[in-house]
Amino acid sequence: MNTALHPLDVEKIRTEFPILQQEVHGKPLVYLDNAATSQKPIVVIDAIQDYYLKYNSNVHRGVHRLSQLASDAYEETRETIRQFLNASSLQEIIFTKGTTDGINLLAASIGRGMIKPGDEIIISAMEHHSNIVPWQMMCEDRGAKLRVIPINDDGEILFEAYEEMLNERTKLVSIVHTSNSLGTVNPLREIIDLAHSKNIPVLVDGAQAVPHTKVDVQALDCDFFVFSSHKVFGPTGVGVLYGKKEWLKKLPPYQGGGDMILHVTFEKTKFNELPYKFEAGTPNIADVIGLGVALQYVQKIGYDAISEWENDLIQYALHRLQEIEGMRFVGNAKHRAGAISFVLGDIHPHDVGTILDREGVAVRTGHHCTQPVMQRFKVPATTRASFAFYNTKEEIDQLMNALHKVIEMFA
Ligand code: PMP
């Protein structure tokens, strides 16, 4: 669904993000921390306010007018998301609290439903902690083994090592689409096809993919896909788990409670149909509605226009950053999106980040919840500039000016 404005009208878009209009420390804000969380367009903020002002009510259980309005808006968002991901059924769209919550849901459910001692789960060396720790916990619990696909010095997975790792004990491959700390975009079709040739399901962590690229879960043929609303211009506290119906039907529920049941007695409970089997308790109604509006907003701009604009920005940023003496990129993958991580000589990234902040430039410094990536590249931390479609080349020039100030101060 690409109704792209060509070319992307960045000036108009920026007026739709009120937060970007401010100054920080007397300098225009340059927000380059989009991989941590993105800013929200006014339509999203309005939609959330509208819900609380006009039809706040619980979903699914009421016959009264407000509850019907809330239930309709909530379920219409499920359809927006189905279309957004090109899932084949509404039963495949489960609302969660975010990417972390989606992966924990699956780790708990898969662990309980299908993991025996000696089974193996495969992840990669570039995963976010949220795609490491839940599997580690589950493996410890079930006596299973976590295996890790290594990466090369550019931050790309070693495909042959992956191929060798797959065997009859492998129960799942869980892999990031786009790395938050390296910017690497993984060759998902190849990864998924190879796993499927051995009947192994694949979960994709799409947290850093959906803000930058069109995702079609049927074209990818992934079995599960998770993302967070707040990274794709929606509110915090909500996310999505997509799962193929045949898998979700087989897996046991994660949490028990209201909404996920059809019938309860003290002796036995009959669980609800999909997707409700995985949605226990009152959901985050306002923010689900906000997420739907955010995704419609992104689709109106169009992923073709977004990709073109952002690729241009990233190429420009890489080119300009190379001018700086002592610049070392952490992550040089051929296919990349979203983020550029670097270290600047022996200046600690926290010092870089603090000085950039004084110049109005917001970047993230640290391990970016990927400590094994820092260990792999033998750095304690990096500075990360991460982009969204509302960023401009002028902002990258401001980043450059601020980095020159860092260098002057440490000279
Ligand atoms: N995976 C990746 C690749 C991420 O970048 C993040 C957020 N930094 C997460 C998972 C976790 O997302 P959340 O904190 O929204 O659950």
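The values are calculated or read from the model by the stated rules, or taken from the named source; none is laboratory data. Remember, it's a predicted structure, so these values are computed and weren't measured experimentally. Using ideal geometry, Cβ is built from the backbone for each residue, glycine included, and neighbour counts are taken over all protein chains shown. SASA here: full protein model, heavy atoms, side chains in, ligands and nucleic acids out. Shrake-Rupley method; radii C 1.70, N 1.55, O 1.52, S 1.80 Å.
List of remarks:
- Here K405 is the anchor, and the lysines within straight C-alpha reach of less than 29 Å, apart from those fewer than 8 places off in the same chain, are K27, K378, K393.
- Segment V24-R65, length gained on full extension (0.36 nm per residue, minus Cα span): 10.3 nm
- Shown here for segment 298-389: GluC sites (Glu not before Pro) in loop regions (DSSP other than H, G, I, E, B) with at most 13 other Cβ atoms within 10 Å, namely E323, E325.
- Per-residue 3J(HN,Hα) values for segment 133-140, derived from phi via the Karplus relation 6.51 cos²θ - 1.76 cosθ + 1.60 with θ = phi - 60°, read 4, x, 6, 4, 4, 5, 4, 4 Hz in sequence order (x marks Gly and Pro).
- Cα-centre dipole for segment 131-208 with unit charges at Cβ (Lys and Arg positive, Asp and Glu negative), debye to 20: 400 debye
- In a DSSP loop and with at most 15 other Cβ atoms within 10 Å, the chymotrypsin sites (Phe, Trp or Tyr not before Pro) in segment 235-285 are F266.
- Charge tally in the Cβ shell below 11 Å around I396, where Lys, Arg are +1 and Asp, Glu are -1, I396 excluded: -2
- Charge dipole (Cα centre; +1 on Lys/Arg Cβ, -1 on Asp/Glu Cβ; no other charges) of the chain amounts to roughly 1120 debye.
- Carbon/sulfur fraction of accessible area - segment 114-255, other protein chains in place, 1.4 Å, %: 49 percent
- On a per residue basis, segment 257-334 carries 50 Å² of accessible surface, using protein heavy atoms and a 1.4 Å probe.
- Whether segment 46-299 is rounded, prolate or oblate, judged on the alpha carbon gyration tensor where a/c under 1.5 counts as rounded: oblate
- The residues of segment 338-411 have, on average, 41 Å² of accessible surface per residue, using a 1.4 Å probe with all protein chains present.
- Helix-derived mean residue ellipticity, 222 nm - over the chain, DSSP H n ≥ 4, -39500 (n - 2.57), to 500: -11500 deg cm²/dmol
- The chain: relative contact order in percent, alpha carbon pairs under 8 Å with at least 6 residues between: 24 percent
- Calculated SAXS-style log₁₀ I(q)/I(0) at q = 0.14, 0.18, 0.26, 0.27 Å⁻¹ - segment 1-85, Debye, Cα scatterers: -0.75, -0.99, -1.25, -1.27
- Residue-wise HN-Hα couplings along segment 171-180, as the Karplus relation 6.51 cos²θ - 1.76 cosθ + 1.60 with θ = phi - 60° gives them from phi, are 9, 6, 10, 10, 9, 7, 6, 9, 6, 6 Hz; Gly and Pro carry x.
- For S124, the residues 5 or more places off, or on other chains, whose built amide H falls under 5 Å of its own are I149, V176.
- Acute angle (nearest 10 degrees) that the helix 303-321 long axis makes with the longest principal axis of the chain, alpha-carbon atoms: 40 degrees
- Carbon/sulfur fraction of accessible area - segment 263-334, other protein chains in place, 1.4 Å, %: 50 percent
- Tilt relative to the chain, helix 349-358 - C-alpha long axis, 0 to 90 degrees, to 10: 80 degrees
- Under 22 Å from the Cα of K300 - lysines, other chains or at least 8 residues apart: K12, K40, K214, K231
- What the Cβ-Cβ distance of E273 and D346 gives, at R0 = 56 Å and to the nearest 0.05, is a FRET efficiency of 0.45.
- Counting only trypsin sites (Lys or Arg not before Pro) that DSSP places in a loop and that have at most 16 other Cβ atoms within 10 Å, the longest clean stretch of the chain runs over 62-168.
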